[in-house]
Amino acid sequence: VNSIVLLTNGISFAIQAALLLLIGAWADYGTWRPNITVIFTLAAVAVSFAWLGVEDPSKWQAGVALYILGCKCRRGALTFWTATFPGLVRHLPEVESSAQLVTIGGKSWDEHAEFESLSCNRVSNISFMISSIGEILILVIMVGILKGLKAGNSTTNNTKVFSVLIAFSSALWLLCVLPWFFLEERRPGLALPPSSSFFMIGFRQTYIAKRQCMRLKQMFLYLIFYFLMRDILNTSIIVLSIVSYSTLQLTLLLIVGIIIAIDTVVYSSFWLVQKKFKISTKMTLSFNVIWILVLTVWGLIGIHTNKFGFKHTWEIWFATDVFYGLMVCPWYSYSQTVISEVSPLPQMHLQTHACSKVGKISAFIGPLVSSAIITASGNNNNMPFTFLFGLGTISTMFLYLVDVKKSQMECDEFVRAEADLHAFQG
């Protein structure tokens, strides 16, 4: 069962990586960007309602198919949603005013870059807070549904109620996004290059990104780090989730974890400390990365003992709620901000989606390798942490090599060179 869970996650990520190669570039051109998020969202909601037809173990094949499709659609919507943050921040009135001060000599570029970075972190954290508060309210309602439908009475009831909860949460998801579907003001992207089509532009962009690797060395180093570290975090969470929970236990686990995450990320702790002591985003991200490695070390301990190392329910609660919420959760905000700091502005979405693509590719490698390790080790669920810790150590070295200031100079030189070739149109 553990190997199947990892395999289904790996297959889901592999499909998404291939799909993003084709359609990921569409977000950079014309007004397609919101349409992609809308399509992924509607598909995810449709899959969620299809879960109502999966009520007993005999339909496990359908469950696997729906799980793969649901993960792919949900992650697709999330990818294009988070990719909008850097552009939104650059159009904030205070950020535009700061940029104007740079042009007239009233502010240095370094001061503006620091202000923009803090603004991006602030917007990401506010977004995280709003979504987390909404999630807590929904989960509390779910506890009532679980009690009302008597999920704890039997395994059959537990499975049936799980499907009801998936459909219920997706109905609320649709209700929340409908206003945005119709009211968002769309900004046009780049003009499609000559002799290019929407079906080929993704492959062309991938070629361009590959060609640029050596011209944007700092961005390339960060892509390697992101590729490895995202794999480690995703796979660690999947391995941790291979524990037998009732639906009620899982729901309560999520509620506690989200409350702790709100307290950490949003009620200013990380952002205020960063602002007060003028800590760079890269340094803040490095702090999160250390604790991701600690998570893998915790798992390593459990390879040869049953006394510690994710062997007890209380450890899972502590790791996924207190530890993850306090120390690891800000990764999702700060890792995205660093992408915007090492990428050239005219190709912001190209580079953001390049990170998304490498993240998805790494995300299916980790679960597949971990599945093979578990099988080869005689179903030792802790053995994958050897692979994850080693990979994490190497990944951290690449982050250490990234120089954000040097990256800004590389981006400026790159944009000037590409402008002479009329690479950026529209």
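The values are calculated or read from the model by the stated rules, or taken from the named source; none is laboratory data. Only a predicted model underlies this, so the values are computations on that prediction, with no experimental measurement involved. For neighbour counting, all protein chains shown are included, and Cβ atoms are generated from backbone atoms with ideal geometry for every residue, glycine included. All accessible areas refer to the heavy atoms of the entire protein, side chains included, with ligands and DNA or RNA removed. Shrake-Rupley method; radii C 1.70, N 1.55, O 1.52, S 1.80 Å.
Hey, among the residues in the range 281-316 that are under 22 Å from the mean Cα position of the chain (by Cα) and at pLDDT below 85, which one's nearest to V404 (Cα to Cα)? Ranking the qualifying residues of the range 281-316, first place goes to T281.
Sort out which residues of the range 146-161 are open to solvent by 40 Å² or more (accessible area, probe 1.4 Å) and assigned to a helix (DSSP H, G or I), and write them in order of number.
Pass one, the range 146-161, residues open to solvent by 40 Å² or more (accessible area, probe 1.4 Å): 147-150, 152-157, 159-160.
Result: K147, G148, G152, N153, T155, T156, N157, T159, K160.
Residues of the range 117-145 that are open to solvent by 40 Å² or more (accessible area, probe 1.4 Å), closer than 11 Å to S333 by Cα and among the β-branched types (V, I, T): I126 alone. Scanning the range 402-426 for residues that are loosely packed, with under 15 Cβ neighbours inside 10 Å, at pLDDT below 70 and hydrophobic (A, V, I, L, M, F, W, C) yields A417, A419, L421. Somewhere in the range 119-135, is a residue farther than 29 Å from S343 by Cα, part of a helix (DSSP H, G or I) and without any contact (Cβ under 8 Å) to a residue 40 or more places away in the chain? Scanning the range 119-135 turns up no residue that is farther than 29 Å from S343 by Cα, part of a helix (DSSP H, G or I) and without any contact (Cβ under 8 Å) to a residue 40 or more places away in the chain.
Matching residues to (1) over 16 Å from F181 (Cβ atoms); (2) not aliphatic (A, V, I, L, M):
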position: L52; (1), (2): yes, no
position: P57; (1), (2): yes, yes
position: V64; (1), (2): yes, no
position: G70; (1), (2): yes, yes
position: F80; (1), (2): no, yes
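What helices (runs of 4 or more DSSP H) completely inside the range 271-343 contain at least 1 residues that are hydrophobic (A, V, I, L, M, F, W, C), more than 22 Å from T393 (Cα to Cα) and open to solvent by less than 10 Å² (accessible area, probe 1.4 Å)?
Numbers: elements: 281-301, 313-317, 331-341.
By residue number, 313-317.
Confirm whether Q61 is free of Cβ contacts under 8 Å to residues at least 40 places away in the same chain, out of contact with any Pro (no Cβ under 6 Å at 6 or more places or on another chain) and polar (S, T, N, Q). Criteria met by Q61. When you scan the range 162-207, how many residues do you find that are assigned to a loop (DSSP other than H, G, I, E, B) and either loosely packed, with under 12 Cβ neighbours inside 10 Å or not charged (D, E, K, R) (or both)? Final tally of qualifying residues: 14. One residue stands out among those in the range 78-110 that are among the polar types (S, T, N, Q) and surrounded by 15 or more Cβ atoms within 10 Å (Cβ to Cβ): the one that is modelled with the highest pLDDT, which is S98.
The set of residues from the range 270-301 being of a type in the set (S, T, Y), closer than 18 Å to L223 by Cα and touching a Phe, Trp or Tyr at 6+ places or on another chain (Cβ under 6 Å) comprises T281, T284.
In the range 18-38, the residue that is surrounded by the most Cβ atoms within 10 Å (Cβ to Cβ) out of those that are in contact (Cβ under 8 Å) with a residue 40 or more places away in the chain and out of contact with any Gly (no Cβ under 9 Å at 6 or more places or on another chain) is P34.
Condition check ((1) modelled with pLDDT of 75 or more; (2) open to solvent by less than 60 Å² (accessible area, probe 1.4 Å); (3) aliphatic (A, V, I, L, M); (4) more than 20 Å from the chain's Cα centre (by Cα)) across all residues:
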| site | (1), (2), (3), (4) |
| --- | --- |
| M229 | yes, yes, yes, no |
| Y245 | no, yes, no, yes |
| I258 | no, yes, yes, no |
| A261 | no, yes, yes, no |
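Tally the residues that are among the β-branched types (V, I, T), open to solvent by less than 30 Å² (accessible area, probe 1.4 Å) and part of a helix (DSSP H, G or I), restricting the search to the range 39-64.
So in the range 39-64, the residues among the β-branched types (V, I, T) come out as 39, 41, 45, 47, 54, 64.
Of the ones still in play, those that are also open to solvent by less than 30 Å² (accessible area, probe 1.4 Å) are 41, 45, 47, 54.
With the extra rule that they be part of a helix (DSSP H, G or I), the set shrinks to 41, 45, 47.
So the answer is 3.
In this structure, is L221 under 29 Å from T31 (Cα atoms) and part of a helix (DSSP H, G or I)?
Working: under 29 Å from T31 (Cα atoms): no; part of a helix (DSSP H, G or I): yes.
No; evaluated as a whole, the condition is false for this residue.
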